[in-house]
Amino acid sequence: MQRKMRIGIVGAGLMGRWHAHAARQAGASVVAIADPDLERAQRLASPLGAVAVKTVGDLFQASNIAALHICTPTHTHVQITRDALRHGAHVFIEKPLAANEDETKALLVEAERASKLICPAHQYAFQRSVNKILMRMSEAGALTSIELKFFSAGAAACDADTYAAIAGDILPHSLSILHRLFPAQPLAALEWRIDCTINGEWELGATIEKTRIRILIGLLSRPTTAFLTICGTHGAFEADLFHDYVLWRGGTVSRSAKIAQPFVRSAGHLAAAAYNLAYRGFRNEPAYPGLRTLISKFYEACASGGAAPISNQQIIDAARVRDRFIAAETADGQLPTIPQSIGSQYREGGL
């Protein structure tokens, strides 16, 4: 019988709780929780039978773990990751992996030297809806356009000067999905167009193999949304990424099809949403679909010595595009650090 992987979690906020839930569903044993707020660490650790401590150093002193989940603000990732590697642990990190490409590359080099894996939490790319699209992609015919739309309420309590930082944290989700759709295409090699009509609303555009790519990130637009639409010459896929289901819309052209379209589409959404709700209830997956799948793949790679589910090349590529976005949206190419109080509110927003 294979022994359960022993893991620790740094950061006992919302994402720390969901990482703990997904880790246990993936078959791991959560043995230690670290958070500067010891009471919060204890609230998460107690029902898990885990040790609660205040620092990363205390966590490694208290427990022998194989992998560490980092669920803390971005500016803390580098030091915590280095501490984990020094103690011989693999590292699973909330996105973005680091503040910029240089830091990202440095951590990947250090992980390779330590013979350990690092993986960012780009869970949207590993949802069932995305997998279904990949299996049926040829049905769409020649691809004409792809739109990724992420409208988040995570900035509701934040100052306007942090909007670009928050958008930069959301952007990797779209990039990771594009990496799965076009695994051989370096996204940083594309000519990205970046538009910001008002602070808090962005549109990024590029072209891949004659397919138009459009990424919308909105911190002011409502309702909150995470959608993927892929259009081709034979039809379109529409994926609701918040809820993890996908609809296929055939490209038949006729008067009757046009009349029936809104009814067929509405019925399809209702049926898919109902089935999805029941399925996720059965799987005990109330939130963050795709996270358990990605974590499971990461644990399998750690145990087998195989490759991480997200390659180093893809991680660096996403960091490079994010850096380009930051440079375009700030005067000095540097984003302000999101204060911890605001950062926790942002992470409570779910994106």
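The values are calculated or read from the model by the stated rules, or taken from the named source; none is laboratory data. Only a predicted model underlies this, so the values are computations on that prediction, with no experimental measurement involved. As a convention, Cβ positions derive from the backbone with ideal geometry for all residues, glycine included, and neighbour counts pool all protein chains shown.
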Requested in this report: Give 247, 220, 228, 270 a once-over and let me know the one that is outside any loop (DSSP other than H, G, I, E, B), assigned by TED's automatic domain parsing to the domain that holds residue 141 and within 21 Å of residue 171 (Cα to Cα).
Outcome: 228
Query - Total residues in the range 272-306, condition under 27 Å from residue 188 (Cα atoms) and free of Cβ contacts under 8 Å to residues at least 60 places away in the same chain - result: 1
Query raised in the report: Which members of the range 119-166 meet the condition of being hydrophobic (A, V, I, L, M, F, W, C), modelled with pLDDT of 95 or more, assigned to a helix (DSSP H, G or I) and more than 13 Å from residue 241 (Cα to Cα)?
Result: 134, 135, 137, 140
Requested in this report: Please work out if residue 214 is basic (Lys, Arg) and touching a strand residue (DSSP E or B) at 6+ places or on another chain (Cβ under 8 Å).
Outcome: yes
Query raised in the report: Checking residue 284 against (1) of a type outside the set (Gly, Ala, Ser); (2) closer than 25 Å to residue 146 by Cα; (3) out of contact with any Phe, Trp or Tyr (no Cβ under 9 Å at 6 or more places or on another chain); (4) part of a loop (DSSP other than H, G, I, E, B), which test does it fail?
Result: (2)
Query - Every residue from the range 191-211 that is more than 20 Å from residue 142 (Cα to Cα) and without any contact (Cβ under 8 Å) to a residue 24 or more places away in the chain - result: 191, 193, 195, 197, 198, 201, 203
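So that you can scan it fast, the table gives a plain yes or no per residue for (1) in contact (Cβ under 8 Å) with a residue 60 or more places away in the chain; (2) under 27 Å from residue 38 (Cα atoms):
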site	(1), (2)
60	no, yes
67	yes, yes
74	yes, yes
93	no, yes
126	yes, no
153	yes, no
162	yes, no
176	yes, no
Query - Residue identified as over 21 Å from the mean Cα position of the chain (by Cα), at pLDDT below 95, more than 15 Å from residue 168 (Cα to Cα) and exposed (fewer than 14 other Cβ atoms within 10 Å of the Cβ) among 207, 233, 197 - result: 197
